[in-house]
Amino acid sequence: MLSERQAEYMDKIDELRRERRAVILAHNYQRPEIQELADFTGDSLGLAQRATETDAETIVFCGVYFMAETAHILNPEKLVLTPDAQAGCPLADMVTADGLLALKKKHPGVPVVCYVNSSASVKAVSDICCTSSNAVSIVNSLAEDEVIFVPDGNLGRYVAGQTGKKVLSWPGYCPTHRRITSERIREIKKEVPGALFMAHPECDDDVLALADHICSTSGMYKFAQETDAVDLIVGSEVGMLHRLQLDSPQKNFIMPGPDIICPNMKLTTLKKVYLSLLNEETRVVLPEDVRARAENATARMVKVIA
Ligand code: SF4
């Protein structure tokens, strides 16, 4: 239920959205009211695709910074705005272009697969991007039997297990998914017999070992609707509950802890979206050479999965 103030912001945003011919995209981890406000919600892949399909003149990206950068990479002619430029991703920050170039030097000829949770400068020195939903297909699409994978070590190891390829994983991790522990999953499974555990591949290995289904955030919505199980443990960020409960109100979704929250994802508020549209801030702009090279890696991913 929206407060009076929130409802006012919704109305003002709607007006500006029409005036500015803007589209509002929101990641699945955003606050419920931001998900309600958005024209489209989704995971990083879904939103990256939406960004290329829209004919809007302005894209307001409610997520974290690398996602808004990705929208700009794919839509250089559009105005891309982020309501809070401080909303970063600690996982993305764990690898730099210089660090990756140093690793590439040690492994000449080995292609770099770059999880979209990375900066544009890292994408610019990578061969191809991937998301959690297509990482296995992307690595399988490469002719080489060895790849460098940045920056998420858990996703890299998961991909190695699924593809049988040698994966040199960067040791990055998501601090939010790291708070999901195998001890807690075991406890819940004991407390709620029959509960199935859906896990995002950013979870640690010992947690993934307990999963009944490993998938991206979009994969979780699908699984929740298709499975006969009533009790489902959500191995991802708490923002997932909003749509899961809307899609499957008869099911019981269990978070494996009170602190599975990405603070960066919660920085975006209705007021910030309003001010962003009103003042056309903060504009996401990259040096053209970086953008163009990052586009190559991103577009190559989109082509593989098309
Ligand atoms: Fe980054 Fe993790 Fe937050 Fe996603 S949940 S934006 S990977 S820190």
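The values are calculated or read from the model by the stated rules, or taken from the named source; none is laboratory data. Only a predicted model underlies this, so the values are computations on that prediction, with no experimental measurement involved. Counting neighbours? That spans all protein chains shown, and the Cβs are built from the backbone with ideal geometry, glycine included.
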Based on this model, can you work out whether Gln225 counts as of a type outside the set (D, E, K, R), more than 16 Å from the ligand (Cβ to nearest atom) and out of contact with any helix residue (DSSP H, G or I) (no Cβ under 8 Å at 6 or more places or on another chain)? no
Looking at Glu295, is it touching a helix residue (DSSP H, G or I) at 6+ places or on another chain (Cβ under 7 Å), assigned to a loop (DSSP other than H, G, I, E, B) and buried (at least 19 other Cβ atoms within 10 Å of the Cβ)? no
Determine, yes or no, whether Val95 is in the same structural domain as Asn117 (by TED's automatic domain parsing) and under 19 Å from Cys174 (Cα atoms). yes
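Among what's in the range 51-88 and is of a type in the set (S, T, N, Q) and touching a residue at least 60 places away in the same chain (Cβ under 8 Å), pick the residue that is nearest to Thr298 (Cα to Cα).
Taking the range 51-88 as the starting set, the residues that turn out to be of a type in the set (S, T, N, Q) are 52, 54, 58, 70, 75, 82, 86.
Those left that are additionally touching a residue at least 60 places away in the same chain (Cβ under 8 Å): 52, 58, 70, 82, 86.
Details: Thr52: 11, Thr58: 20, Thr70: 8, Thr82: 20, Gln86: 23 Å.
Selected residue: Thr70.
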Looking at Val136 and the list (1) surrounded by 22 or more Cβ atoms within 10 Å (Cβ to Cβ); (2) modelled with pLDDT of 95 or more; (3) away from the ligand (no atom under 16 Å from the Cβ); (4) not acidic (Asp, Glu), which single condition is not satisfied? (1)
Cys203: passes all of (1) more than 30 Å from Ser3 (Cβ to Cβ); (2) over 19 Å from the mean Cα position of the chain (by Cα) but (2)
Scan of the range 142-172 for residues that are aromatic (Phe, Trp, Tyr) and farther than 20 Å from Ser121 by Cβ, ordered by number: Tyr158
So the check is Cβ under 7 Å with 6+ separation or different chains; which pairs have a first residue in the range 140-157 that's farther than 19 Å from Pro201 by Cα and a second one that's away from the ligand (no atom under 16 Å from the Cβ) and at pLDDT below 95? Ser141/Val304
Name the one entry in Ala102, Ala124, Ala97, Ala120 that is farther than 25 Å from Gln162 by Cβ, more than 16 Å from the ligand (Cβ to nearest atom), modelled with pLDDT of 95 or more and crowded, with 22+ Cβ neighbours inside 10 Å. Ala124
Among (1) outside any helix (DSSP H, G or I); (2) more than 23 Å from Ser137 (Cβ to Cβ); (3) touching a residue at least 12 places away in the same chain (Cβ under 8 Å), where does Asp228 come up short? (3)
I need the full set of residues from the range 152-211 which are within 14 Å of the ligand (Cβ to nearest atom) and part of a loop (DSSP other than H, G, I, E, B), in order please. Trp170, Tyr173, Cys174, Arg179, Ile180, His200, Pro201, Glu202, Cys203, Asp204
Pull up the range 79-94, narrow it to residues that are crowded, with 17+ Cβ neighbours inside 10 Å and more than 14 Å from the ligand (Cβ to nearest atom), then point me to the one that is nearest to Glu146 (Cα to Cα). Val80
Which of (1) away from the ligand (no atom under 14 Å from the Cβ); (2) surrounded by 20 or more Cβ atoms within 10 Å (Cβ to Cβ); (3) not in a loop (DSSP other than H, G, I, E, B); (4) not hydrophobic (A, V, I, L, M, F, W, C) is the odd one out, the single condition Pro256 does not satisfy? (3)
On the given criteria, is Leu275 within 19 Å of Ser44 (Cβ to Cβ) and either away from the ligand (no atom under 16 Å from the Cβ) or of a type in the set (Asp, Glu) (or both)? no
Over the range 70-88, the set of residues modelled with pLDDT of 95 or more and either of a type in the set (A, V, I, L, M, F, W, C) or part of a helix (DSSP H, G or I) (or both) is Leu79, Val80, Leu81, Ala85, Ala87
